[in-house]
Amino acid sequence: MYSHSNPSNLPPFPFFNTHRPGSAASFDVRFRTSFHLLHKSFRPETRGFSTIFPILRGRHVPSAYVTDRNQMMGSDLEALCRQGKVREALEVMEDMERRGVTIEDEKCVLSLLQACENSKSLEDGKRVHAHVLISPSRPSNSMLEKLVGMYCKLGSAEDAQRVFDEMPERELGLWNSLIMGFAEFGWGKEALRVFAQMKGDGIRPDGSTFMAVLMACKNLGDVEEGIVQFESMSEDYGVVPTMGHYVSVVDLLGRSGKLDEAKEFVRKMPIQPNSEIWEMLGKYSNTQVREGLIDSGAPKSALNSKLSNRRTKNNPNQNRASMNRKKSEAYEKVRSLNEEMKEAGYVPDTKYVLHDIDQEAKEKALMYHSERLAIAYGLISTPPGTTLRIIKNLRICGDCHNAIKIMSKIVEREIIVRDNKRFHHFKDGKCSCGDFW
């Protein structure tokens with residue numbers, strides 16, 4: 001029914017007449033001014049919210065009321081994203097889609113994409129991307145940059161490249177997102193290819209571009225190319241190197257075993273080296289070299305702090321999560337895979353086992369490393385051919401790296417492992433890092 005009273009001097013508002021069974025009382029609720037109360041009582045993920053609005057079907061509802069409703073659903077979406085409740089946020093998004101409503105607030109979509117990235121959920125990220133595609137408005141450059149970055153962070157370089165290729169106009173930020181994404185993913189050659197393409201298209205690189213390029217060179221172990229690109233920054237493009245660029249070059253030299261060159265590079269720096277520089281040198285230095293660094297002016301506290309952190313990383317707590325009901329199946333799968341790997345030529349490299357135990361025990365310890373158990377669980381839990389994505393908070397050991405290459409060929413699957421350094425994309429017995437990480 002409609003009320004004809006209008007104390008607020010507003011156009012007539014529709015009312016609901018709601019009667020609860022078992023109660024003699026009935027009450028009228030003003031649709032617009034009391035919408036917030038209804039909104040709090042009937043959340044989007046409950047039936048109440050979905051069943052109230054059909055009451056108005058067949059009646060004229062002013063667009064202002066619909067706008068209020070859509071804005072409130074959008075507010076719910078933002079709140080859920082801030083709380084990290086990705087699945088609940090996606091339910092609200094899909095409920096809006098069923099009602100023919102798209103998310104018009106770009107910040108809300110960006111928050112949702114960030115939430116998917118934080119939760120490491122590629123499939124959820126693709127669902128949000130699908131929503132962006134059906135939106136009547138064209139995605140902004142910041143939206144496309146976020147999509148490229150999200151796909152790279154979630155280990156899907158192919159999707160990142162697809163988003164990039166579909167863009168008719170590409171600004172610097174989009175180029176940087178793809179180059180950095182490839183560099184972080186471990187596809188150094190692809191990152192340098194895109195960098196060359198960018199320069200060929202007349203786009204001038206900036207400091208962020210060169211950070212990504214130096215990371216790509218570091219992942220490839222290409223010292224010569226890294227030094228050339230570092231010098232090109234200021235000489236060809238007028239980009240003043242920051243401390244981050246200097247740290248990257250020291251890391252590149254240190255990882256390649258060129259400690260003397262790294263020390264000389266630091267001595268010639270036009271700016272005062274900070275603790276990051278000294279810590280990076282200390283990371284690749286033996287005791288004798290570290291003493292030389294202290295003599296050359298490196299703060300002792302910085303080196304000691306780095307060494308302490310390294311000892312902590314090398315001795316992580318071996319806390320194990322509680323095994324689920326498929327524990328025995330996963331362990332059995334690991335054992336059977338291990339036998340197949342040995343038949344394919346795998347020889348356990350027990351130097352990565354630091355415990356003082358016999359050879360057989362060392363081989364068994366390697367067999368049950370966390371990433372292998374995760375892969376085994378994925379193999380028994382997903383259809384054949386499904387790409388497995390494993391996230392590890394420590395650096396993958398050399399034996400597991402070699403083992404997973406062999407696994408990928410045996411099971412005929414792509415296995416993507418993200419350790420604390422980079423992505424490793426295993427396929428057909430090879431890794432994207434080229435065995436340099």
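The values are calculated or read from the model by the stated rules, or taken from the named source; none is laboratory data. Quick caveat, the model's predicted, so the values are computed rather than measured. Using ideal geometry, Cβ is built from the backbone for each residue, glycine included, and neighbour counts are taken over all protein chains shown. Each accessible area value is taken on the protein alone, full model and side chains, heavy atoms only, with ligands, DNA and RNA left out. Shrake-Rupley method; radii C 1.70, N 1.55, O 1.52, S 1.80 Å.
Brief remarks follow.
- The sole residue among 263, 199, 189 that is among the basic types (Lys, Arg) and under 23 Å from residue 421 (Cα atoms) is 189.
- Just one of the listed residues (306, 313) is surrounded by 13 or more Cβ atoms within 10 Å (Cβ to Cβ), at pLDDT below 85 and not in a loop (DSSP other than H, G, I, E, B), and it is 306.
- Residue under evaluation residue 263, criteria (1) in a helix (DSSP H, G or I); (2) under 23 Å from residue 432 (Cβ atoms), criterion not met: (2)
- Every residue from the stretch 408-430 that is in contact (Cβ under 8 Å) with a residue 60 or more places away in the chain and open to solvent by 70 Å² or more (accessible area, probe 1.4 Å): 409
- Exclusive hit being closer than 28 Å to residue 424 by Cα and over 16 Å from the mean Cα position of the chain (by Cα), set 187, 175: 175
- Residues that are in contact with a Pro (Cβ under 6 Å, 6 or more places away or on another chain) and free of Cβ contacts under 8 Å to residues at least 24 places away in the same chain within the stretch 347-401 comprise just one, 363.
- Among the residues making up the stretch 383-403, those that are open to solvent by less than 50 Å² (accessible area, probe 1.4 Å) and closer than 15 Å to residue 347 by Cβ are 397, 398, 399, 400, 401, 403.
- Verdict on residue 371 being in contact with a Ser or Thr (Cβ under 6 Å, 6 or more places away or on another chain) and either modelled with pLDDT of 90 or more or open to solvent by less than 20 Å² (accessible area, probe 1.4 Å) (or both): no
- Scanning the stretch 112-142 for residues that are within 16 Å of residue 101 (Cβ to Cβ) and out of contact with any helix residue (DSSP H, G or I) (no Cβ under 7 Å at 6 or more places or on another chain) yields 130, 133, 134, 135, 136, 137.
- Among the residues of the stretch 330-388, those identified as part of a loop (DSSP other than H, G, I, E, B) and hydrophobic (A, V, I, L, M, F, W, C) are 344, 347, 353, 354, 357.
- Considering 123, 145, the condition of being closer than 23 Å to residue 389 by Cβ, touching a Ser or Thr at 6+ places or on another chain (Cβ under 8 Å) and open to solvent by 30 Å² or more (accessible area, probe 1.4 Å) is satisfied by 145 alone.
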